[in-house]
Amino acid sequence: QVQVVESGGGLVQTGGSLRLSCVASGQIFDINKMAWYRQTPGKRRDLVASITSSGRTEYADSVKGRFAISKDNAKKTTYLEMNNLKPEDTAVYYCAVTGNYLYWGQGTQVTVSS
């Protein structure tokens with residue numbers, strides 16, 4: 001069984017920063033990619049950022065220059081550093097871990113007040 005747990009969400013003012021963390025545990029040994037998605041009510045879940053096992057990163061255009069994804073292989077953890085947050089960044093942020101299968105976390109709420 002594999003568990004994916006996010007943390008670090010919360011309420012922040014426009015221009016503020018947050019750091020999300022995601023830890024994978026259980027029967028997952030080879031992680032190919034770790035990614036962050038976000039979703040607002042009634043909308044689809046969209047990719048925010050991803051990082052492969054080799055360290056290649058990808059970002060949504062809306063967060064380039066403001067967000068940074070990183071990982072700690074030994075800890076099976078990925079981080080999302082979010083700076084200069086805007087109200088439109090408000091969403092539930094989900095972590096996705098790709099090993100033999102795709103595993104999702106339960107999500108963490110990020111709210112940016114104007």
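The values are calculated or read from the model by the stated rules, or taken from the named source; none is laboratory data. None of these values were measured; they are calculated from a predicted model. When we count neighbours, we look across all protein chains shown, and the Cβ atoms used for this are built from the backbone with ideal geometry, even at glycine. To get the accessible areas, we keep the full protein, side chains included, count just its heavy atoms, and leave off ligands, DNA and RNA. Shrake-Rupley method; radii C 1.70, N 1.55, O 1.52, S 1.80 Å.
Give the number of residues within region 44-69 that are open to solvent by 50 Å² or more (accessible area, probe 1.4 Å) and of a type outside the set (Asp, Glu). Give the derivation first.
Within region 44-69, the subset open to solvent by 50 Å² or more (accessible area, probe 1.4 Å) is 44-47, 53-54, 56-59, 61-62, 64-65.
Remaining after also requiring of a type outside the set (Asp, Glu): 44-45, 47, 53-54, 56-57, 59, 62, 64-65.
The qualifying residues number 11.
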Suppose we keep only residues that are within 14 Å of the chain's Cα centre (by Cα) and among the hydrophobic types (A, V, I, L, M, F, W, C) within region 2-21. Which one would you say is farthest from Asn84 (Cα to Cα)? Val4
Identify, please: which residue in region 70-106 is within 13 Å of Ala24 (Cα to Cα) and small (Gly, Ala, Ser) and is, among those, most open to solvent (accessible area, probe 1.4 Å)? Ala74
What strands (runs of 3 or more DSSP E), lying completely within region 1-85, carry at least 1 residues that are charged (D, E, K, R) and in contact (Cβ under 8 Å) with a residue 60 or more places away in the chain? 2-7, 18-26, 33-39, 77-82
Within region 20-59, work out how many residues are modelled with pLDDT under 95 and in contact with a Leu (Cβ under 7 Å, 6 or more places away or on another chain). 0
